[in-house]
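Participant: Just dropping this structure here.
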Amino acid sequence: MHKVNNACDTPTERKTSSHAVIIHSSWLPTKTTLVFDTYWKFAAKRQAIFFKRVNEIEEHLTDDEILNTYKFTNAYRASDRVSQYLIRHVIYEGNQSPEELFFRILLFKTFNKIETWKLLTARLGEITFVGYDFNKCDEVLTESLQRRNSIYSAAYIMPSGSKSFGQSYKHRSHLKLIEMMMADSVPRRICDAKSMHQVFDLLRSYPMIGDFLAYQYAIDLNYRERHGCQGYTFYFLIFKLKRKSGDTILNCRRRPIGRLRRFKGQGGRS
């Protein structure tokens, strides 16, 4: 299924005359472990809970003691509350040009907080790059900070960027970063990308964006309709999860075969 492509494999497949799909892959054969089976059982149970809640069934969600006791993210990232808000109210509301879409997505995901987006739209009106003004945006965010409000999500730590942009407030550095990417025609360069790997590498080349953030942004940008853009191959990038026990995903396999793209676990780099 995969043909080696420098850093990662890209998927290919062919069908036999009986319409059966034969998979050719440098990753196969791979022997799985108990961790692998447990992971997918957990994912299936978590998704079953999601479907029950969608259907407004709140009683007896699961027999699993752990899932009944602790909170876990949805099995699908796009099902999360913040991702749903991004898709519905940030991506599909407003100008659909590649430049405007990129600007809105990056601005929203920089803070990754619905309340911050609502604050900006309430004070500044419709968010557009054409109407963007650094000073006005900074004023709204600085005032919110001075009122001791949090403008960033606690989901992951964002780098300060003080070394890259020399700003006293973190949000100012992030605004400058978005300005830099817009000036470098990153939206159009993403439109020309033929693979998610190219998008990842492009995003990763900018200050304050490490492996984790580049991957997150690449997925967020893929939620949009690619008007005037080429469709690019979307394939899975393997994360190296920082844990004392080693690579969690790799522990799902007894004999990993093929090339792995290893990622650091932090949000970005300063």
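Participant: Of the residues that make up segment 8-26, is at least one modelled with pLDDT of 90 or more, in contact with an Asp or Glu (Cβ under 9 Å, 6 or more places away or on another chain) and surrounded by 13 or more Cβ atoms within 10 Å (Cβ to Cβ)?
Facilitator: No; the residues of segment 8-26 include none that is modelled with pLDDT of 90 or more, in contact with an Asp or Glu (Cβ under 9 Å, 6 or more places away or on another chain) and surrounded by 13 or more Cβ atoms within 10 Å (Cβ to Cβ).
Participant: Of all the residues that make up segment 59-79, how many are closer than 30 Å to N222 by Cα and exposed (fewer than 10 other Cβ atoms within 10 Å of the Cβ)?
Facilitator: 1
Participant: When you look at T73, is it hydroxyl-bearing (S, T, Y) and either part of a helix (DSSP H, G or I) or at pLDDT 95 or above (or both), yes or no?
Facilitator: No.
Participant: Would you mind stating whether H171 is of a type outside the set (S, T, N, Q) and either modelled with pLDDT of 95 or more or more than 23 Å from R77 (Cα to Cα) (or both)?
Facilitator: yes
The values are calculated or read from the model by the stated rules, or taken from the named source; none is laboratory data. Since the model is a prediction, treat every value here as computed from it, not as a measurement. All Cβ positions, even for glycine, are placed from backbone atoms using ideal geometry, and neighbour counts span all protein chains on display.
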